[in-house]
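Beneath this line is the structure, given in structure tokens, with notes to follow.
The values are calculated or read from the model by the stated rules, or taken from the named source; none is laboratory data. From a predicted model like this one, the values you see are computed outputs, not experimental measurements. Counting neighbours? That spans all protein chains shown, and the Cβs are built from the backbone with ideal geometry, glycine included. Keep in mind that these areas ignore ligands, DNA and RNA; they rest on the heavy atoms of the full protein, side chains included. Shrake-Rupley method; radii C 1.70, N 1.55, O 1.52, S 1.80 Å.
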Amino acid sequence: MTSRPAAAQHLRDLARLRRVRDRIDREYAQPLDVEALARGAHMSAGHLSREFRLAYGESPYAYLMTRRIERAMALLRRGDLSVTEVCLAVGCASLGTFSTRFTELVGMPPSTYRRHAALATAGMPSCVAKQVTRPIRNREARVTEPQLA
């Protein structure tokens with residue numbers, strides 16, 4: 001059984017983690033790093049990373065990159081920006097890192113996605129297109145087989 005002070009501290013930590021996640025969602029295009037996020041939450045970078053992973057299943061950096069890729073997908077579907085312009089618009093400084101992470105999450109390079117997305121979502125309302133094309137987070141995580149006793 002946990003004590004009341006420990007339970008209260010856990011709730012305060014969860015509230016801080018939610019504020020970090022909300023900040024990432026709002027400021028995904030800004031230069032963010034784990035140290036800056038941790039300072040804003042009054043936590044050490046290591047503690048923030050560990051607790052964020054426990055609460056949300058991925059590191060703050062992975063969550064940030066997923067947000068950036070989701071926004072990049074929407075911009076690429078519009079078709080009026082180049083891949084480089086999209087990369088910079090979502091806050092990525094390196095086209096190589098952006099392309100690699102995009103390919104990991106979406107399953108194809110951004111240039112290929114841009115070509116195919118217009119056809120795949122033609123006539124589809126943008127709110128539906130966003131939902132059906134959303135990248136699956138943790139796709140790169142290892143899948144373990146269930147242990148049978």
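Rundown of residues vs (1) under 18 Å from residue 15 (Cα atoms); (2) open to solvent by 70 Å² or more (accessible area, probe 1.4 Å), yes/no style:
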| position | (1), (2) |
| --- | --- |
| 50 | yes, yes |
| 56 | yes, no |
| 66 | no, no |
| 87 | no, no |
| 102 | no, no |
| 106 | no, no |
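Is there any pair linking a residue in segment 61-77 that is farther than 12 Å from residue 29 by Cβ to one that is part of a helix (DSSP H, G or I) and charged (D, E, K, R), with Cβ under 6 Å and at least six apart or on different chains, and which?
Taking only residues 6 or more apart or on different chains, the pairs are 65/101; 76/114.
Can you pull out the residues in segment 1-24 that are open to solvent by 60 Å² or more (accessible area, probe 1.4 Å) and under 17 Å from the mean Cα position of the chain (by Cα)?
18, 19, 21, 23
So, residue 131, is that one modelled with pLDDT under 70 and not in a loop (DSSP other than H, G, I, E, B) or not?
So residue 131 fits the description; yes.
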